[in-house]
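Read through the structure below, which is laid out as structure tokens, and then see the notes.
The values are calculated or read from the model by the stated rules, or taken from the named source; none is laboratory data. Nothing here was measured: the structure is a model prediction, and the numbers come from that model. Note that each Cβ is placed from the backbone with ideal geometry, even for glycine, and that neighbours are counted across all protein chains shown. Remember, those area values only see protein heavy atoms, side chains included, never the ligands or the DNA or RNA. Shrake-Rupley method; radii C 1.70, N 1.55, O 1.52, S 1.80 Å.
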Amino acid sequence: LSIRRQRQMCKETVKDVLRYVAKNYQEPIALKEAADIASLNQEYFCRMFKKCMGVTFLEYVNQVRINHIHEELLATEDSITDILEHNGFTNYKVFSRMFKAQFGMTPRELRKLQEN
């Protein structure tokens with residue numbers, strides 16, 4: 001298969017999964033659900049998703065959630081805990097580490113920066 005054809009197949013395979021994640025990121029999303037949407041077994045889906053997207057499925061879901069959380073941190077004064085729960089994140093330590101890696105600061109630091 002040509003590289004172009006492989007990319008097209010990748011896009012087609014993950015398109016419905018990406019749409020599903022965009023709609024349901026606030027809820028727990030099981031790998032099995034995503035694999036079923038793509039009509040693949042879990043192991044093959046994981047390899048295919050990583051190859052197509054450059055990140056694992058879990059990393060992608062967390063990225064979607066973190067982006068929504070970032071927006072809410074700037075747009076609301078809701079507590080960080082409430083925002084995390086509202087966006088489907090259950091582990092504050094994991095979230096905090098990922099958030100800082102992406103934005104170079106903690107959620108609190110982001111809010112302080114916005115206040116100034």
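Set side by side, the residues Arg47, Arg111, Arg97 differ, and just one is of a type in the set (Lys, Arg) and either in contact with a Ser or Thr (Cβ under 7 Å, 6 or more places away or on another chain) or within 30 Å of Met9 (Cα to Cα) (or both), which is Arg47. Where helices (runs of 4 or more DSSP H) fall wholly inside the range 25-116, the ranges with 3 or more residues that are open to solvent by less than 40 Å² (accessible area, probe 1.4 Å) and without any contact (Cβ under 8 Å) to a residue 60 or more places away in the chain are 42-53, 57-75, 80-86, 92-103.
Of all residues in the range 1-22, those satisfying the criterion of being at pLDDT below 85 and assigned to a helix (DSSP H, G or I) are Ile3, Arg4, Arg5, Gln6, Arg7, Gln8, Met9, Cys10, Lys11, Glu12, Thr13.
Which ones in the range 85-94 are touching a helix residue (DSSP H, G or I) at 6+ places or on another chain (Cβ under 7 Å) and farther than 18 Å from Ala30 by Cα? Within the range 85-94, just Tyr92 meets the criteria. Selection of the range 1-18 for residues being under 18 Å from Asn87 (Cβ atoms) and either open to solvent by 100 Å² or more (accessible area, probe 1.4 Å) or over 16 Å from the mean Cα position of the chain (by Cα) (or both) yields an empty set.
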